[in-house]
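Everything on this sheet refers to the single structure shown next.
The values are calculated or read from the model by the stated rules, or taken from the named source; none is laboratory data. These figures come from a predicted structure and were not determined experimentally. FYI the Cβ positions are ideal-geometry reconstructions off the backbone, even for glycines, and counts take in every protein chain you see.
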Amino acid sequence: MDGNGRWARGRFMPRIWGHKRGADSVREVVKCAASMGVKVLSLFAFSDENWGRPQDEVSALMGLFDQYLQFETDQLLKQNIRLRFMGNIDRLPEKTRSLLLGAAQKLSACDGMTLNLAVSYGARAEITEAVRAIARNVREGIIDPEHVCESMVAGGLASAGMPDLDLVIRTSGEQRLSNFMLWQSSYAELYFTKVLWPDFGKAAFKAALEEFSTRQRRFGLVSVEPALGVSSSLGRMGEEPSGKTPC
């Protein structure tokens, strides 16, 4: 969700003003995604690298995050939205961490869309921790090194139990993944838009989904021409392609 600072700068306002407006976009997109039947929506709220920003901006971002959790949790409950999070939350201020854990607990029984917040998160750190856990089990003789497989690594990630990403949306004209869910996005469709995040509302989100619906997802296989009268072996949105088996 990129472009908050540039949005504010273009209006001769402080960067935090852009972050505040960006929170409105979060609210609108979450509601839209849930209404359209999206199963899981992951938002990159704060990265490991973001800790290196000026302290006043970091403090302001944590304050905004606190406000979102305080005022939106009941709305998420009404929408039957479950909350998950991923990242090193031990680095968060005590109040923010407490609010995040409390919101996740309050929404744990919801069975609608899952809202997954990446907070103090970095994909390389996530993968490293999963590999480290496997290495400990190998050292203790719990796992045979020859039996280590992709499903085992995926099961050690913070996103365990959730599907791989179907679509990655990057706003503000940037065209990179920026250490976001690298393992889970291996076959995701990438959508880049010049729209700054504070201007990315329901219409822009629907436009991204419409573009996604036109993509032909082959997962490394070869598509089958419909004229041949043979059904494609590729899975539907959110499903594994045919032939891919777990370890």
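From the residues in the stretch 211-247 that are among the hydrophobic types (A, V, I, L, M, F, W, C) and at pLDDT 50 or above, which one is surrounded by the fewest Cβ atoms within 10 Å (Cβ to Cβ)? It would help to see each step written out before you state the result.
Step one: filter the stretch 211-247 for residues among the hydrophobic types (A, V, I, L, M, F, W, C), giving 212, 219, 221-222, 224, 227-228, 230, 234, 237, 247.
Filter once more, keeping what is at pLDDT 50 or above: 212, 219, 221-222, 224, 227, 247.
Values: F212: 17, F219: 14, L221: 14, V222: 9, V224: 14, A227: 6, C247: 11.
Checking each candidate, the answer is A227.
Can you find a residue that is among the β-branched types (V, I, T), assigned by TED's automatic domain parsing to the domain that holds R84 and exposed (fewer than 14 other Cβ atoms within 10 Å of the Cβ) anywhere in the stretch 97-114? Spell out how you get there, then give the answer.
Within the stretch 97-114, the subset among the β-branched types (V, I, T) is 114.
Checking the rest, the ones that are also assigned by TED's automatic domain parsing to the domain that holds R84 come to 114.
Those left that are additionally exposed (fewer than 14 other Cβ atoms within 10 Å of the Cβ): none.
The answer is no, given that none of the residues of the stretch 97-114 is among the β-branched types (V, I, T), assigned by TED's automatic domain parsing to the domain that holds R84 and exposed (fewer than 14 other Cβ atoms within 10 Å of the Cβ).
Look at A118 and say whether it is in the same structural domain as G52 (by TED's automatic domain parsing) and surrounded by 18 or more Cβ atoms within 10 Å (Cβ to Cβ). Walk me through how you get there before you give the answer.
Working: in the same structural domain as G52 (by TED's automatic domain parsing): yes; surrounded by 18 or more Cβ atoms within 10 Å (Cβ to Cβ): yes.
Here the answer is yes, as A118 does meet what is asked.
Say whether the condition of being closer than 30 Å to E129 by Cβ, at pLDDT below 55 and within 20 Å of the chain's Cα centre (by Cα) is met by at least one residue in the stretch 189-210. Talk me through it step by step, then tell me what you get.
Taking the stretch 189-210 as the starting set, the residues that turn out to be closer than 30 Å to E129 by Cβ are 189-192, 197.
Add one more test, that the residue is at pLDDT below 55, and what stays is none.
Looking through the stretch 189-210, none of the residues is closer than 30 Å to E129 by Cβ, at pLDDT below 55 and within 20 Å of the chain's Cα centre (by Cα).
Has the stretch 75-93 got any residue that is assigned to a helix (DSSP H, G or I), at pLDDT 95 or above and more than 26 Å from L165 (Cβ to Cβ)? Even if it seems obvious, please write down each step before you answer.
Within the stretch 75-93, the subset assigned to a helix (DSSP H, G or I) is 75-78, 89-91.
From what's left, at pLDDT 95 or above: 75-78, 89-91.
Adding the requirement that they be more than 26 Å from L165 (Cβ to Cβ) leaves 78.
Yes; the residues of the stretch 75-93 include at least one that is assigned to a helix (DSSP H, G or I), at pLDDT 95 or above and more than 26 Å from L165 (Cβ to Cβ).
Scanning for something outside any loop (DSSP other than H, G, I, E, B), farther than 20 Å from I81 by Cα, assigned by TED's automatic domain parsing to the domain that holds Q70 and not basic (K, R), does the stretch 151-165 turn up at least one residue? Step through it out loud before you land on a result.
Initial filter on the stretch 151-165 (outside any loop (DSSP other than H, G, I, E, B)): 151-155.
Those still in the list that are farther than 20 Å from I81 by Cα too: 151-155.
Now restrict to residues that are assigned by TED's automatic domain parsing to the domain that holds Q70: none.
Within the stretch 151-165 (the criterion being outside any loop (DSSP other than H, G, I, E, B), farther than 20 Å from I81 by Cα, assigned by TED's automatic domain parsing to the domain that holds Q70 and not basic (K, R)), the answer is no, since none of the residues qualifies.
Considering E140, E129, which residue is touching a Gly at 6+ places or on another chain (Cβ under 8 Å) and more than 30 Å from R215 (Cβ to Cβ)? So that I can check it myself, show each step before the final result.
On the way: E140 fails: touching a Gly at 6+ places or on another chain (Cβ under 8 Å).
Answer to the check: E129.
Of the residues that sit in the stretch 167-185 and are of a type in the set (A, V, I, L, M) and in contact with a helix residue (DSSP H, G or I) (Cβ under 7 Å, 6 or more places away or on another chain), which one is surrounded by the most Cβ atoms within 10 Å (Cβ to Cβ)?
Just the residues of the stretch 167-185 that are of a type in the set (A, V, I, L, M), to begin with: 167-169, 177, 181-182.
Checking the rest, the ones that are also in contact with a helix residue (DSSP H, G or I) (Cβ under 7 Å, 6 or more places away or on another chain) come to 167, 169, 181-182.
Numbers: L167: 17, I169: 21, M181: 24, L182: 14.
Applying the filter and picking the extreme gives M181.
Could you check how many residues of the stretch 122-150 are surrounded by fewer than 16 Cβ atoms within 10 Å (Cβ to Cβ), touching a residue at least 40 places away in the same chain (Cβ under 8 Å) and assigned to a loop (DSSP other than H, G, I, E, B)?
The number of residues fulfilling the criteria is 1.
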